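Below is one structure; the comments refer to it alone.
We did not get these values from a lab; they are worked out from the coordinates using the rules stated. The structure displayed is predicted, hence computed values, not measured ones. FYI the Cβ positions are ideal-geometry reconstructions off the backbone, even for glycines, and counts take in every protein chain you see.
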Amino acid sequence: MAHAAVAQPELELATYEVAEQVTLLNDAWRRIRRNRLALVGAVVIVLLLVVALISMVWTPYPVWLQAVGPTYQPPTLRHPFGLDQAGRDILSRIMGGALITVQVGVGSALIVSLIGIPLGLLAGFYRGKVDTAISFVINIWYGIPDLLVALILVFVLSDALHLIPRGVFVIIVAFALTRWMDVARLVRGQALALREREFVEAARMAGARDLALLLRHIFPNALGPLIVQITFAIPAAVLFEAFLSFLGLGLPPPTPSWGAMAADGYHGMDFAPHIVLAPTLALSITLMAFNWLGDGLRDAFDPRMKR
Amino acid sequence: MRGTVVYVGQRLILIAVTTALVSSIVFVLLHQIPGNAFLNETRQSPEALAAALRHYGLDRPLPAQYLDWVRGVLRGNLGESLVNRGVQITPLLIRETSVSATVGLFALLVTVGLGLLLGVIAALRQNTWVDYVASSTAVVGYSIPSFVIAIFGLLIFGHYFYIWTQGTVYYDPGWGDWTQVPVPAVALGLPYASYVARLTRASMLETIRNDYVRTAWAKGLSARIVVLRHALRNALIPVVTILGPLITGIITGSVVIENIFGIPGLGKEFVTSILARDYNIVIGVFTFYAALVGLANLTVDVIYPLLDPRIRY
């Protein structure tokens, strides 16, 4: 930094064309700002986070409170999204659902990374038998119907064995245990490629230990594609939670999960479609935002798409 | 050719191993559940309970039960339903597979057909309003979960268009009756169709800039031949690679779609059995699904080299 500060006055006198020094993140940021869809996605995600935070301290009505007005009441000024079949305020429940969605998304991303990144780094860095073993497990895992295993896991872990109470956490665990392979495979590929690069070789020559090589040189350089992969894991987890709760196998009532709310409203949908409309719209918009942001990030981090 | 046979053989073994492994894990997990499947039956004498346990072999140690189950599966016998006594699971699942497959194949048709069509049209008319409409539909459509499309499909066709449909969006058609399939199949296939459309558009755009495509135009070949035979065939390759995950997605998605429309297929059986704690059927359906997903992925990998002769095994 000090370097640049000294050089600057001279640069202004002589109008040399100097290539701007850009880091990966700077470059990506510059390109993502030009992608309008990705920006819209980011704004929606920030909005979702804000709503989730607000719902922790305040919702217009308690999310579980029944009979705040007539059941199946269509939207009114007092209740902008209407009331559901138990007379609960839908706006409050949508806000509570945002919190659940954020918990599921962030938690899943975290656990998927915790499983996938170390396995991928080990396989790619040590190659040989370690890689063969880990890759074999990854391939086996790809052959199983993931969501169905996760569904059984939720049931077994919470209802049958009572290991984890039925709630957000068990859903996150089930999702992560069946969907960690995408991250592991990606990190493995990155590590395989990066370990041959000159800067890793130089660090090795300088006497860096394996752990330092992995954490300080290989992992940071794999971050770009990793962020993209994780951005796509979040909507998958959110969709999984909605899917389970819709089937009645996810979060127990009266948890305001968007999937469960859609299931609640769907029996009265011919005369009160607003009950289904609110959670399905919220869910679709959230998924869309994450997909748009993910697409934008992918383009931004892709070195082939310079400028 | 010989390479292909060896490859298919290896894959079949891997599928068998995977299926055996995951269904064994599910078997053991479900048998860890404390209590037994008959606890919620009311007014049951201890003798009747003991008889029921003996009937299903549930009074024996777990390893013996497991061996019995494996022996049964090898002979194609998945056992007997715990809830509906006397119902054999294998014929039940075979019948339900035919129903699920009818809907699933139609959904696949929607996915690939509609996806390719939209993708190719968008690529050929790049940066015109046609492209914008197709691309933005795809980018929105991909994010709408199939169960949301299903709910509104049901509302629109079962309720608002009652005069046309008499409220029947779906009834049990069995294998070969296509008339009631469209709405569930479209709901199941549409999100993936958007995905295929996006992928096709991108890969088409890359392909039509190639020299050999320009040569084909320059030779004066008709648009149909250039697009279909020169460009599309190469553009298809990345699309085929996602067919495997796509089929897995359709199979998984059918679980929720079948429950919404009340389609008596494997997916509905799966959820019903979990809720009814009919573990024998849960394990059976799961074994079916695992094998099905493996075989679907294998089929895709075998089709792949037919499309692209550069790929060999």
Fill in the blank from the handout: Proxy exposure order for A:Tyr142, B:Tyr289 (fewest C-beta within 10 Å first) is A:Tyr142, B:Tyr289
Practice task
Please state, rounded to one decimal and in Å, the Kirkwood hydrodynamic radius that segment B:42-101 gives when every pair of distinct Cα atoms enters the mean of 1/r.
Solution key: 13.2
Completion exercise
Cβ density ranking, 10 Å radius, fewest first, applied to B:Trp217, A:Trp258 yields B:Trp217, A:Trp258
Practice task
From other protein chains only, count the Cβ atoms within 10 Å of every residue's Cβ in A:150-162, then give the mean.
Solution key: 4
Problem - Scattering profile of segment A:262-304 at q = 0.29, 0.30 Å⁻¹ [log10 I(q)/I(0), Debye over alpha-carbon scatterers] - result: -0.89, -0.91
Exercise for the section: Would you mind listing how long chain A runs along its three principal axes, going by Cα atoms, in whole Å with the largest first? Expected result: 73, 57, 30
Practice task
Express the relative contact order of chain A as a whole percentage, based on alpha carbon pairs under 8 Å and six or more residues apart in sequence.
Solution key: 25
Exercise for the section: Express the C-alpha Rg of the protein assembly as shown as a ratio against the empirical globular expectation 2.2 N^0.38 Å, rounded to two decimals. Expected result: 1.06
Problem - GNM top mover of B:Glu47, B:Glu206, B:Glu258 - chain B, alpha-carbon springs below 10 Å - result: B:Glu47
Practice task
Using packing as a proxy for protection, rank B:100-106, B:84-90 so that the peptide with the highest average count of other Cβ atoms within 10 Å comes first.
Solution key: B:100-106, B:84-90
Completion exercise
Pseudo-spin-label distance B:Trp217 to B:Glu47, built 7 Å along Cα→Cβ, given in nm, is 8.8
Problem - When segment A:84-187 is reduced to its Cα atoms, the Kirkwood hydrodynamic radius in Å - result: 15.5
Problem - Largest to smallest principal axis extent of the C-alpha atoms in segment A:188-307, angstrom - result: 72, 35, 16
Exercise for the section: Work out which helices of chain B, taken as complete DSSP H runs, extend at least 20 Å along their axis over the Cα atoms and score a mean Kyte-Doolittle of 0.0 or more, then list them. Expected result: B:2-31, B:89-124, B:182-207, B:243-261, B:279-307
Handout entry: B:Leu295-A:Thr23 pseudo-label distance in nm [points 7 Å out on the Cα-to-Cβ vector]
Key = 5.4
Practice task
With r as the distance between the Cβ atoms of B:Leu58 and A:Asp159 and R0 = 22 Å, compute the FRET efficiency 1/(1 + (r/R0)^6) and round to 0.05.
Solution key: 0.70
Fill in the blank from the handout: For A:Ala208 and A:Val40, extending 7 Å from Cα along the Cα-Cβ vector and measuring point to point gives, in nm, a value of 4.2
Handout entry: Charged-residue dipole, Cβ positions (Lys, Arg, Asp, Glu), segment B:195-311 about Cα centre, Debye nearest 20
Key = 660
Practice task
Taking only Cα atoms and a 10 Å spring cutoff, compute GNM fluctuations for chain B and point out the largest among B:Pro182, B:Pro91, B:Pro63.
Solution key: B:Pro63
Problem - Highest-MSF residue in chain B out of B:Leu21, B:Leu221, B:Leu266 [GNM, Cα springs under 10 Å] - result: B:Leu221
Completion exercise
For B:Ala276, placing the label point 7 angstrom along Cα-to-beta-carbon and taking segment A:232-254, residues whose amide nitrogen sits under 20 Å are A:247-250
Problem - Rounded to the nearest 20 debye, dipole of chain A from Cβ charges on Lys, Arg, Asp, Glu - result: 320
Completion exercise
Inter-chain shielding metric for B:267-279, i.e. average beta-carbon neighbours from other chains within 10 angstrom, reads 2
Exercise for the section: Calculate I(q)/I(0) for segment B:1-141 by the Debye formula, one identical point scatterer on each C-alpha and no solvent, and give its log10 at q = 0.14, 0.15, 0.18 Å⁻¹ to two decimals. Expected result: -0.89, -0.95, -1.13
Fill in the blank from the handout: Per the C-alpha gyration tensor (a ≥ b ≥ c, the square roots of its eigenvalues), segment B:244-313 is rounded if a/c is under 1.5, else prolate if a/b beats b/c, else oblate; here it's prolate
Practice task
Can you bin segment B:96-156 into rounded, prolate or oblate? Criterion: square roots of the alpha carbon gyration tensor eigenvalues sorted a ≥ b ≥ c, rounded for a/c under 1.5, prolate for a/b above b/c, oblate for the rest.
Solution key: oblate
Practice task
Sort chain B into rounded, prolate or oblate with this rule: let a ≥ b ≥ c be the square roots of the eigenvalues of the Cα gyration tensor; rounded if a/c is under 1.5, and if a/c is not under 1.5, prolate when a/b is larger than b/c, oblate otherwise.
Solution key: oblate
Problem - the protein assembly as shown, dipole about Cα centre (Lys/Arg Cβ +1, Asp/Glu Cβ -1), debye to the nearest 20 - result: 1340
Fill in the blank from the handout: When B:Val133, B:Val239 are arranged by how many other beta-carbons sit within 10 Å of their Cβ, fewest first, they go B:Val133, B:Val239
Completion exercise
The base-10 log of I(q)/I(0) that the Debye equation returns for segment A:28-138 at q = 0.16, 0.19, 0.23 Å⁻¹, one scatterer per C-alpha, is -0.85, -0.97, -1.11
Handout entry: Neighbourhood charge, 13 Å Cβ-Cβ cut-off, centred on B:Leu124 and excluding it, Lys, Arg +1 and Asp, Glu -1
Key = +3
